[in-house]
Amino acid sequence: QAQLVESGGGLVQAGGSLRLSCTSSENMFELNVMAWYRQAPGKQRELVASVFIGGQINYADSVKGRFTISRNNVKNTVYLQVNSLKPEDTAVYYCNTAGRGYDVWGQGIQVIVSS
């Protein structure tokens with residue numbers, strides 16, 4: 001079963017940018033979909049963006065035009081470029097891959113956006 005490790009979070013001012021990375025222990029050519037979720041304090045976890053092995057990409061309406069997801073299957077890494085950050089983007093961001101018989105989460109990484 002894949003293990004996912006996120007990196008790249010931190011504290012940033014509103015309007016700033018970060019690049020989140022998630023590295024898989026498994027060959028990403030075998031993982032159909034890679035996704036980023038986030039969970040803000042007191043709120044439910046929500047899907048931010050997903051990218052399929054075939055290239056299909058989906059974004060939450062709240063991040064369209066500001067966030068970009070990409071995957072490098074050779075490096076077994078999925079990225080989330082987050083631009084024009086807002087205080088409401090503050091959350092723990094989780095990497096996820098799911099398919100038939102598996103649903104794997106990273107440990108989560110904190111992103112804090114100060115106003």
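Ordered from highest to lowest accessible area with the whole protein assembly present and a 1.4 Å probe, 26, 88 read as 88, 26.
Residues in the chain average 53 Å² of solvent-accessible surface per residue, probe 1.4 Å, ligands and nucleic acids excluded. In straight-distance terms, cross-link reach from residue 86 covers every one of the lysines whose alpha-carbon lies under 29 Å from its own, apart from those fewer than eight places away in the same chain; here that gives 43, 64. Scoring 41-47, 68-74 by mean Cβ neighbours within 10 Å over their residues and listing the highest first yields 68-74, 41-47. Multiplying the residue separation of residue 17 and residue 74 by 0.36 nm and removing their Cα-Cα distance gives an extension gain of 18.0 nm. In the chain, carbon and sulfur make up what percent of the accessible area (probe 1.4 Å)? Solvent-exposed carbon and sulfur of the chain make up 47 percent of the total. Separation of the stretch 52-83 and the stretch 8-22, taken as the distance between their Cα centroids, equals 15 angstrom.
Between residue 7 and residue 30, the contour length at 0.36 nm per residue exceeds the alpha carbon distance by 6.1 nm.
The values are calculated or read from the model by the stated rules, or taken from the named source; none is laboratory data. Because the structure is a prediction, the values reported are computed rather than measured. Methodologically, a virtual Cβ is constructed for each residue, glycine included, from the backbone with ideal geometry; neighbour enumeration extends over all protein chains shown. Each accessible area value is taken on the protein alone, full model and side chains, heavy atoms only, with ligands, DNA and RNA left out. Shrake-Rupley method; radii C 1.70, N 1.55, O 1.52, S 1.80 Å.
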